[in-house]
Every structure is written in C-alpha cells, then in structure tokens.
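The values are calculated or read from the model by the stated rules, or taken from the named source; none is laboratory data. Every value quoted in this text rests on a predicted model; they were computed, and no experiment measured them. Cβ sites come from the backbone with ideal geometry, for glycine too, and all protein chains shown count toward neighbours.
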Amino acid sequence: MTVASTDSRTDRPVPVWLKAIVQSRAVWPVLALVLILIVAGSVSPNFFEIRIVEGRLFGNLIDILYRAVPTALVALGMAVVIGTRGIDLSVGSIIAIVGAVIVWRIKMGDPHITILFSALAAGILCGMWNGFLVSALRIQPIIATLILMVAGRGIGMLINQLYGGTDPSFESALLQWMSTGSIWLIPTRLILAAGIFLALWLLIRRTALGLFIESVGGNAAASNLAGVKAGLIIFVAYVLSGLLSAWAGVIMTADTHTSDPVSVALYIELDAILAVVIGGGSLAGGRIYLGMTVIGALVIQALTTATLISGLPPEYNLIIKALVVLSVLFLQSANARKAIGSLVSRRAS
Amino acid sequence: MNATAIDKPRVEMRSIGKSFPGVRALSNVDFTLYPGEVHALLGENGAGKSTLIKILTGALNRDAGEIRLDGKAVNFNSTGEAQAHGISTVYQEVNLIPAMSVTKNLTLGPSRDALGVISWGKARKRAREKLSRLKLNIDTEQPVGSFSVAVQQLVAIAHALDDDTSVLVLDEPTASLDAQETATLFAIIRDLKARGMAIVFITHFLDQVYEISDRISVLRNGNLVGTHMASEISRQDLISEMIGRELGEVEATLAHKAESGPGKQKLVARDLGRKRTLKPFDLTLHAGEVVGLAGLLGSGRTEMTKLVFGAIRSDSGELHVDGQDMSGATPRRSLASGIAFCPEDRKAEGLVGDLSIRENIMLSMQAKRGWLRQLPRREQEKIAGEMIRALGIATPDAEKPVRQLSGGNQQKVVLARALASNPGILLLDEPTRGIDVGAHAEIITLIRKLCNEGMALLVASSELDEIVAASDRVAVLRDREKVGEIDGADINRDNIIRMIAGDDSGQH
C-alpha cells in the first residue's frame, strides 16, 4: 500500500478539477454538510429514509430542510447586510414584532391575505429604521441594530396589549398552509423559501444591486467617488434584511399558532451570522454568497438534528456545533487553504 | 548663526539604500546631522523622506549603507533601540490618547519602575519635569484631548524628549497649527537647538523652512538631490530641485501638441472655494484642451480637482458644466453630467480591491445607468476587454481581483473606469504617481490622445515636466490659493517655478 501511494505521488499529476475543488470556497461547507449527514446516517440506520405521511414527505432530510427555512431566510438578509460591511442584530426582534402584528390584526378581524402584507410591511418598516440609523445618522451598524434588538421584543409585547394580550393564540388557514402545509407532497415553506431565494438572487445578481452592495462594502469612499449612492445602497440592504426576517416571522408564528415576543427566535441572529460566515462571507464586507449562505444554514440545522437523533444529551449539541463551526472556519481561512492547496500541488509535481 | 559645521557630526548616514517590492524607495542617500542644527528635509510625496526617517529611527531596516552615531557605526532593529541611543521622533498625527490625562500619556511607553508598577506620584513629578523642559505649564491631570492641537503637539514632543535625547525628528509638526501656534513651537525648537540638540524638520511650508532651518536637504524619487545652507539657496532653485526633470523623451514626442486651438467652453468655475481648503478660484476648461495644475505638496492641487468634481463640497462660488448650473453637485451628479475623476490615492479612494478588474471598470458606468438596468454580462466583458487592450493593462483575464495588480496597472484600471463612463471632462489627480517610467510615458501620450479627440482634461501633478509636456495651459497654486495661469508658448519650467515661488522669492 505504501508503495502504491509513492507511485501515485511521482507519476500521476493531480487533475485540474481536484485542485480547483480544493481551492474553491464551496468545498469545506459542502463537505462538512455531507460528513454530518454520513455520521448521522451511520449512527441512526433509518436516517435517510423518506416516507409519505398524510400527503406530505417525511424523513430526516426533509426535516432538516424544513427546520432550516427560518434561519436560512434570516441568514440571506444577513448576508446582504454583511456584504455592506454591516451587521443586523435586530432580526430576532423583527420576528417578534411581526408575530405580534399578525395576532393583533387577526384579532381585529382583517382578511388574512391583508395580514400577510401587514406582517411583511412591519418587517420592512423595521429594516427602514435600521437603515436610517446606519446610513443617515451614521451610527455603527452593531450599535444601530442593537437598539431595535433591545426594544423590539418590548414593542412586540406592547402590540399584544392592543387586543388585551390575554390569548395570543390564533388559527389561520392561509398562514398555516404557508408554514406547515404542503403542495404535492412538498412542504409549502420549502417552495416558498425557494421562491424567495430565487427572487433575491435575481435582485442581487440580475440587477446591479449586488455589484453596488459589494463595492460599497469593499470601499465606501471609492464607491462614492465612482458615483454609487453608498447611503442609499446601505439603506436598501437593511430593508431587505427586515423583509426577509418578516418572512421568517410569518413562518415561525404560523407554525406555533401564537405570538410570544419574549422567546420567539431567540439568538437567531447568531445562527444567521454563523450561516453567513460558514458560507464563506467575511464580516469585513465586500462579498455576498447567497447560495453558500443557505448551505451554511443547512450545516447548522443538520448538526442540530443529527445530535438529537444520535441520542447524545442535548447539552452536547452546542459544544459539537461550536467545534464543527470552528473547524469549517479554520479550513476556510486563507492560510489553511493556501497550505492545503500547496500540499496538493506538491503531490502533483 | 551657524558655527556647527566645524563640530563633529552627531549622525552620519552614508549611501543608504532601501527597496520595497517593485519600488526603489531610496538609493545611495547621504544625510548628516550636526548638534545644534535644524536640518530641513524636503521632497514631494513618495520622494523618500519618511523612508529615510524610518531608517534613522529604527522603524525600518536599510538594505544598504551605514549609520554612524557620534562616529560609531550603529544598527537599530527597533524604534526602542534608536530611542535608547537618544533618537526620538514626533509624528505628524499626534500619537497620544485623547481621553487620558497628560500624566498618563507621558508615562506610557517603556516602564522604568520596578515590576512595571507605576507610582502615580512619581509619574506626575516626571511629567511636570518633562513639560518644564518645554516651558509648558498646564494641568497635567486634564485629558490631552481637552487642550488645543498646538499644546497636544508640544506634549507629544515632551513625550519624545528624554534627558539623553540628542536627535529629534519632527515630521510635519506644523501641519495643523496656526501662525501663533507655529511661532510658539519655533521658539521651543530654537531653545532646544541652543542646547545642542540636532533636529530634523520635515515640512512642505517653504516659509517655515527658511525661518527655522540652518541646512536643507532635498530628496526626489529616492535620491538625494542636494544639501545646502539655507542662507545660500534661493527659493526658486529649491523648488526646481524638488520638482524633477525626467520626461525628456515624452516631451519630445509631444512637441506637436495643440495643433488646433481650444474648442468651446466645457466647464466654468467662478469663485469656487471652501474655507480652510482652497481660496475661491476661477477656472475654465475647454473642449480639446489639457489644463495642468502645478504647485508644491499641500498647495491645494488635490483640493481643486475634488472641488470641481464635488468630492469636496464647496461653500462659495458657482460651477457650470456645458452651461448647466452644477454648483454644489455630488460626485454622482458630476458623473451624470459627463465629468469623470481619477483620485490620487488609488487604494483608499480609487479601487475596490476585492472586486474584479471587470467590476471595477464597470462601476461608474453602471452607477450612471442605475441599478435596475444592469449591463448584460457579455457587454461588460466586451467593454472590460477593450479597455484592458486599449490601456495595455497586464493581466491574464478580467476576473482577477484588482488588488493583485501592480501599481501601474491599478492606475490604468482607475483610468479605464473613468473612460468607460464616457466623459466629456476628465479630472486626473497625479495620474502617474508610483508607476514605472514606461507606463508614465504611455499615460501622458494617452492624455494627449484624449485631448485631441475633444475631451477637456484637468491634470494635477507634482512632476513639473509632466505638466509642461502635457498641458496647453497651466494653473499654478501656492498655499491653498490659485495664483495665476500660464498659457501656450510661455509654459516652461522656469516660468512655472517663478510663479510657484511667488514675488518674495528675491529675499533668499
């Protein structure tokens, strides 16, 4: 065996595609996802099984996708904001506000389709507030969004007071279909999330918005001199983040049939930031990777699901999560990638 | 006044050389410093002043040459080592912590107390001693930030001075001081000089050079042009030494410039200005004309281009472009009206380093079109490809991140972005800064070509020969004021230098 490996070292050149893969940004997050699934599959034999129950697909893989949707949506907005060299800590609070708005309007008897738009409008309004603080008042993003992060859950509770706040549970055929229903076996929220992803991708990559966001995040002064309205671009990024958080809020609120501003989506901003970073985004801004951000969200959810299924006590979940995140980030760091890249090409020569 | 020359030199730097990747920062520079003298170090940006100083103070290692301190060869590997030998520096930006008290600021640095424990009683006493050397009587418990910039500057000097300091380097100490504050500082410099200290004084204010210094050394492009007694060199000769003579070949190729007279007025500025930035000035640009902007470092060249572009908001006067009122326009509006601008500082204001060459070239053009009308990818590639070919940008493909390019190629990308926006007026601030001689001539040739195609160009440059070679008309700046214009056949080095030097040049 050792002889064989020496042979391969001297004779066979490493194919170009292998080098490309090793040096690609995508390789480590995807590899991590695959590895987590393989480990989970070996621990729990039925892991990959997919059944049809009550006209809808069920199984661990579907479950991972299904549960990752809110985090993925929030993370996509976060990716856009991080692209401008900003950050949005208020996403969890926006979800709390959106939930409270939904229940309030239901108790007021609005048509449910109107309520959906009211909920999204609430998210947009929150995003406009953040964008105003950052782009017009020039408050540092982490502080500016901290304001709504702190106040948002209180605002949610105040909205609950508008109808007395005694019974925040509700029924809504429309919203619950969007969250927990299904179309032809496929959970509705997966289709919804795919649609939102596509719309966002078109907005970022098929208009010049993505270029402007990345140029402002990379060098705001140069972008301004090149004629880009840096302030407006930053504003739009926070509005997008608010809108995407609102979608996550609709799905989460409909899922639980209730508004719980105190604890809904707690710490979701941290998972969202992690998803962006696992997907290769840098907090220094300047680049947006939408697809990789979704992979990042899936890595996080797959880890959680896998730990739960493996029967490990839940306290291990967080530690394992931290370790996996650490190793993905390490492998993605420029130095590690260079080292591995040169290792591969040395074998080639 | 100057009996120092007979003393033994305190510092002798001989044949100092230093290279950075791609740049020769210093070659074969000699620099001598005597006790009790103020030695002014002059030169434009990138001439090598700060490199020389950093080598003297141990912040950089030299590649070649030797340094002797009181006749003994020395080798400093850190600023700490240089300080231990009595060489101290005060940098342009005051390196103090504004929120900390004067005492605490003066105590920062290598601790001489046992076990690093600070006795604040002793520290206060030592702080007062340090300040008393400069005859500065202030409350040492107040935060540094509560004092004027001048006092902060003095505290910084006090910080740099030790009992055994014998060489003091002052890097642009007067840049943010007014006349009164400068006078205070100079009184202290004279006092230190009288006590035998050797002082290196870096500035770009020629008046101050003549007022305070005994000798003057001029650096240009990493070479020592000359060292003179301040009393023996005229202001004009000094300026001539600072602004080089290097573009002979380009000058020859461009001898045939301005075949036709200038076209119609493209841009008219009247009394355009901004307080503390540039005094109100008039400026007219015609189609098919290159106007050069000449002046020393800090005279307001960059400020003028930025005021015209709207990158600095004017607070007086008006600006018309093609007859349209553009007073107070933003860069975005200027761009929409057909003005393009290439800033001097490529890294900070020109390029987005992480974006590709294509994306950097497209940026202004796309900003002009708006975010909704994205140029199709194929057309982007076509335009980027054309620009890369036309300007000779050396790169394997257009998708390379722009930060990986060399300085000259980066400059061409900035230029390509401006040209891709299809401007009628082009503002260039130091278009040849930091690029090699070949690319240098290429860019001058390009400027003339654009001009012949009917573009109006404003070119700010610290290289006088570049201005002479490229311009149909030259606007001259001195001390943040436009002092005049030189036209057509009168454009030559001597005329420009005479105007930069001003009327009072006969005194020296």
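Which one of these is in the same structural domain as B:S462 (by TED's automatic domain parsing), closer than 25 Å to B:D271 by Cβ, buried (at least 24 other Cβ atoms within 10 Å of the Cβ) and of a type outside the set (A, V, I, L, M, F, W, C): B:S327, B:S314, B:S334?
Step by step, each of B:S327, B:S314, B:S334 is checked, and only B:S334 is in the same structural domain as B:S462 (by TED's automatic domain parsing), closer than 25 Å to B:D271 by Cβ, buried (at least 24 other Cβ atoms within 10 Å of the Cβ) and of a type outside the set (A, V, I, L, M, F, W, C).
List the number of the failed condition for A:L283; all other conditions in (1) surrounded by fewer than 19 Cβ atoms within 10 Å (Cβ to Cβ); (2) over 27 Å from A:L198 (Cβ atoms) hold.
(2)
For region B:426-436, state whether one or more residues are over 27 Å from B:A269 (Cα atoms), free of Cβ contacts under 8 Å to residues at least 40 places away in the same chain and crowded, with 16+ Cβ neighbours inside 10 Å.
The answer is yes, given that some residue of region B:426-436 is over 27 Å from B:A269 (Cα atoms), free of Cβ contacts under 8 Å to residues at least 40 places away in the same chain and crowded, with 16+ Cβ neighbours inside 10 Å.
Working only within region B:491-508, note down all residues that are at pLDDT 80 or above and surrounded by fewer than 12 Cβ atoms within 10 Å (Cβ to Cβ).
If the condition is that a residue be at pLDDT 80 or above and surrounded by fewer than 12 Cβ atoms within 10 Å (Cβ to Cβ), then B:D494 is the only one that fits.
For the condition more than 21 Å from A:A297 (Cβ to Cβ), in contact with a Ser or Thr (Cβ under 6 Å, 6 or more places away or on another chain) and assigned to a helix (DSSP H, G or I), what is the one hit in A:G156, A:G152, A:G131?
A:G152
Sort out which residues of region B:335-361 are more than 7 Å from chain A (Cβ to nearest Cβ) and either assigned to a helix (DSSP H, G or I) or farther than 29 Å from B:H320 by Cα (or both), and write them in order of number.
Correct list: B:A336, B:R346, B:K347, B:S356, B:I357, B:R358, B:N360, B:I361.
Take the residues of region A:219-232 that are buried (at least 24 other Cβ atoms within 10 Å of the Cβ) and out of contact with any Ser or Thr (no Cβ under 7 Å at 6 or more places or on another chain): which is farthest from A:R189 (Cα to Cα)?
Selected residue: A:L225.
Within region B:347-358, is even one residue under 16 Å from A:E214 (Cβ atoms), among the β-branched types (V, I, T) and crowded, with 21+ Cβ neighbours inside 10 Å?
yes
Search region A:216-273 for residues being farther than 30 Å from B:D354 by Cα and among the small types (G, A, S), and hand back the single one that is farthest from the chain's Cα centre (by Cα).
The qualifying residue farthest from the chain's Cα centre (by Cα) is A:S259.
Identify, please: which residue in region B:310-334 is assigned to a loop (DSSP other than H, G, I, E, B) and among the β-branched types (V, I, T) and is, among those, farthest from B:S462 (Cα to Cα)?
B:T330
Six or more apart or on different chains, Cβ atoms under 7 Å: show the pairs whose first residue is in region B:165-180 and in contact (Cβ under 8 Å) with a residue 12 or more places away in the chain and whose second is of a type in the set (S, T, Y) and assigned to a loop (DSSP other than H, G, I, E, B).
Close Cβ pairs satisfying both conditions: B:V169/B:T57; B:D171/B:Y91; B:E172/B:T203; B:T174/B:T203.
State all residues of region A:201-232 that are at the interface with another protein chain (Cβ under 7 Å from one of its Cβ atoms), among the small types (G, A, S), in contact with a helix residue (DSSP H, G or I) (Cβ under 8 Å, 6 or more places away or on another chain) and assigned to a helix (DSSP H, G or I); if no residue qualifies, say none.
A:S215, A:A221, A:A222, A:S223
Report yes if some residue within region A:250-266 is surrounded by fewer than 24 Cβ atoms within 10 Å (Cβ to Cβ), among the charged types (D, E, K, R), more than 30 Å from B:A418 (Cα to Cα) and away from every other protein chain (no Cβ under 14 Å); otherwise report no.
Within region A:250-266, one or more residues are surrounded by fewer than 24 Cβ atoms within 10 Å (Cβ to Cβ), among the charged types (D, E, K, R), more than 30 Å from B:A418 (Cα to Cα) and away from every other protein chain (no Cβ under 14 Å).
Quick check on B:Q366: is it within 13 Å of another protein chain (Cβ to nearest Cβ) and either free of Cβ contacts under 8 Å to residues at least 24 places away in the same chain or on the phi > 0 side of the Ramachandran plot (or both)?
yes
Which members of region B:316-345 meet the condition of being of a type in the set (V, I, T) and farther than 18 Å from B:A456 by Cα?
B:T330
Condition first: among the aliphatic types (A, V, I, L, M) and within 13 Å of the chain's Cα centre (by Cα). Now tell me which residues in region A:288-333 satisfy that.
Within region A:288-333, A:I288, A:L290, A:M292, A:V294, A:I295, A:A297, A:L298, A:V299, A:I300 meet the criteria.
The conditions are (1) within 8 Å of chain A (Cβ to nearest Cβ); (2) among the polar types (S, T, N, Q); (3) not in a loop (DSSP other than H, G, I, E, B), and B:Q380 fails exactly one of them. Which is it?
In the conditions (1) within 8 Å of chain A (Cβ to nearest Cβ); (2) among the polar types (S, T, N, Q); (3) not in a loop (DSSP other than H, G, I, E, B), B:Q380 misses (1) alone.
Which residue is nearest to B:D139 (Cα to Cα), if the candidates are limited to region B:151-203 and must be in contact with a Pro (Cβ under 7 Å, 6 or more places away or on another chain) and assigned to a helix (DSSP H, G or I)?
B:Q153
For region A:290-303, name all the residues that are of a type outside the set (A, V, I, L, M) and touching a Lys or Arg at 6+ places or on another chain (Cβ under 7 Å).
A:Q301
Conditions first: (1) among the hydroxyl-bearing types (S, T, Y); (2) farther than 30 Å from B:A340 by Cα; (3) within 14 Å of chain B (Cβ to nearest Cβ); (4) not in a loop (DSSP other than H, G, I, E, B). A:S282 passes all but one, so which condition is the exception?
(4)
All but one of (1) free of Cβ contacts under 8 Å to residues at least 40 places away in the same chain; (2) within 10 Å of chain A (Cβ to nearest Cβ); (3) closer than 30 Å to B:Q265 by Cβ hold for B:L372, so report the exception by its number.
(3)
From the set of residues in region A:159-198 that are in a helix (DSSP H, G or I) and among the aromatic types (F, W, Y), which is farthest from A:T253 (Cα to Cα)?
That would be A:F197.
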